[in-house]
1. For the range 80-98, does any single residue satisfy the condition of being over 28 Å from residue 200 (Cβ atoms), modelled with pLDDT of 95 or more and either more than 10 Å from the ligand (Cβ to nearest atom) or not assigned by TED's automatic domain parsing to the domain that holds residue 175 (or both)?
2. Of the conditions (1) touching a helix residue (DSSP H, G or I) at 6+ places or on another chain (Cβ under 6 Å); (2) farther than 19 Å from residue 116 by Cβ; (3) in a helix (DSSP H, G or I), residue 73 fails just one. Which one is it?
3. Return the pairs, sorted by first residue and then second, in which the second residue is in a strand (DSSP E or B), the first residue lies in the range 159-181 and is over 16 Å from residue 145 (Cβ atoms), the beta carbons are less than 8 Å apart, and the residues are 6+ apart or on different chains.
4. Can residue 154 be described as surrounded by 14 or more Cβ atoms within 10 Å (Cβ to Cβ) and assigned to a strand (DSSP E or B)?
5. Would you check which residues across the range 115-131 are crowded, with 17+ Cβ neighbours inside 10 Å, within 11 Å of the ligand (Cβ to nearest atom) and modelled with pLDDT of 95 or more and list them?
6. Could you identify the single residue in 16, 33, 73 that is within 15 Å of the ligand (Cβ to nearest atom) and not assigned by TED's automatic domain parsing to the domain that holds residue 158?
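The values are calculated or read from the model by the stated rules, or taken from the named source; none is laboratory data. Treat the numbers as computed from the prediction; the structure is a model and nothing was measured. Counting neighbours? That spans all protein chains shown, and the Cβs are built from the backbone with ideal geometry, glycine included.
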Ligand code: 5RP
């Protein structure tokens with residue numbers, strides 16, 4: 001089975017949590033696209049849901065499949081969000097944002113009663129930190145923010161087609177390889193305190209569960225109820 005097959009298997013396991021009447025948060029990326037396609041089939045079969053999307057691409061895909069997608073600006077609470085991930089450890093500390101949507105993903109996750117991530121099993125790691133952590137940056141403050149990030153990380157401006165990548169809200173992404181991510185909560189607070197940093201891909205408290213598929217077999221990790 002390919003990694004993409006496992007992404008699909010994980011996505012199809014997670015959509016079993018979706019019920020009619022829910023406001024569903026739709027993640028971004030190739031695994032989330034499998035989830036949106038699975039939801040589209042369920043909607044065609046009578047599932048009655050509303051949705052918000054974490055990117056323009058996910059909103060467009062969902063709408064073409066007949067899913068009712070609302071502007072998140074008018075939505076205060078989401079029942080369940082299903083999204084992809086780049087690294088997940090067994091404490092459900094997660095790195096996201098290889099697709100560049102981490103700021104919207106963080107907002108939708110924070111509004112969600114429950115967030116589950118879906119991934120192929122290769123994304124499961126003993127401890128997050130090997131992957132670069134994407135940081136969304138106000139272009140106006142790029143030079144200052146790069147200098148600040150370099151104190152703790154190797155920062156690289158994300159490029160596409162020879163020009164700086166821009167997010168859906170026209171911001172820059174700086175991918176940061178941290179020299180030490182053994183205290184991710186402290187790193188997240190430090191990042192968030194840099195003026196000009198709009199968001200980052202460390203999801204340390206948002207994720208309630210993960211569906212991880214390896215060779216077609218799904219492992220579900222669930223956060224203990226009393227953890228914050
Ligand atoms: C986008 C994300 C994606 O969910 C994450 O990068 C995983 O992507 P994929 O499912 O394509 O591997 O965080 O900002």
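1. So far as the range 80-98 goes, no, none of its residues is over 28 Å from residue 200 (Cβ atoms), modelled with pLDDT of 95 or more and either more than 10 Å from the ligand (Cβ to nearest atom) or not assigned by TED's automatic domain parsing to the domain that holds residue 175 (or both).
2. Tallying (1) touching a helix residue (DSSP H, G or I) at 6+ places or on another chain (Cβ under 6 Å); (2) farther than 19 Å from residue 116 by Cβ; (3) in a helix (DSSP H, G or I), residue 73 fails exactly one: (1).
3. 179/153; 179/154; 181/133
4. So residue 154 does not fit the description; no.
5. 117, 118, 119, 120, 123, listed by residue number.
6. Of 16, 33, 73, the one residue that is within 15 Å of the ligand (Cβ to nearest atom) and not assigned by TED's automatic domain parsing to the domain that holds residue 158 is 33.
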